[in-house]
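Reading through the structure tokens given below for one structure.
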Amino acid sequence: MRLQSAGRGNRQVFLRKHEDRVSCVSFSEDGALIATASGDKSAILWDARTGSFSKRLEGHSFWVNSACFSPNNELALTASWDST
């Protein structure tokens, strides 16, 4: 995945930690974090400002097809093809 500046400049950061296709990308309400969901059975949280890896969320037994944040950014919710 690429994190690119939407404004002026050519800032570009590659987010590389997933071992399979990414199925979902979402920003936290405050824009500080990015959550990505993947076919590698995990979701990853990233620092949106720097693009650096923050945390891997694991536990699903099949593809993770979505990931999002609670309105207060205290929780991350993932959904998977494993029905959880």
Subject >> Selection count where residues are open to solvent by less than 90 Å² (accessible area, probe 1.4 Å) and within 10 Å of the chain's Cα centre (by Cα), scope region 55-68 >> reply: 5
Original post:
So which residues in region 35-58 are in contact (Cβ under 8 Å) with a residue 12 or more places away in the chain, of a type outside the set (D, E, K, R) and farther than 11 Å from Val22 by Cβ, if there are any at all?
Top reply: Leu45, Trp46, Ala48, Thr50, Gly51, Phe53, Ser54, Leu57
Original post:
For region 43-65, does any single residue satisfy the condition of being touching a Gly at 6+ places or on another chain (Cβ under 8 Å) and of a type in the set (Val, Ile, Thr)?
Top reply: yes
Subject >> Given (1) of a type outside the set (Lys, Arg); (2) assigned to a loop (DSSP other than H, G, I, E, B); (3) surrounded by 13 or more Cβ atoms within 10 Å (Cβ to Cβ), index of the condition Thr84 fails >> reply: (3)
Original post:
For region 17-27, what are the residues that are more than 11 Å from the chain's Cα centre (by Cα) and among the basic types (Lys, Arg)?
Top reply: Arg21
Original post:
Does region 30-51 contain any residue that is among the β-branched types (Val, Ile, Thr), in contact with a strand residue (DSSP E or B) (Cβ under 8 Å, 6 or more places away or on another chain) and over 12 Å from Met1 (Cβ atoms)?
Top reply: yes
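Can you give me the number of residues within region 1-22 that are of a type in the set (D, E, K, R) and surrounded by 13 or more Cβ atoms within 10 Å (Cβ to Cβ)? Can you show your working first?
First, pick out the residues of region 1-22 that are of a type in the set (D, E, K, R): 2, 8, 11, 16-17, 19-21.
This time we only want the ones that are surrounded by 13 or more Cβ atoms within 10 Å (Cβ to Cβ), so: 17.
Number satisfying all stated conditions: 1.
The values are calculated or read from the model by the stated rules, or taken from the named source; none is laboratory data. This one's a predicted model, so the numbers in the text were calculated from it and none came from an experiment. Ideal geometry is used to build each Cβ from the backbone, glycine not excepted, and the neighbour counts take in all protein chains shown. These accessible areas exclude ligands, DNA and RNA; they are computed on the full protein's heavy atoms, side chains included. Shrake-Rupley method; radii C 1.70, N 1.55, O 1.52, S 1.80 Å.
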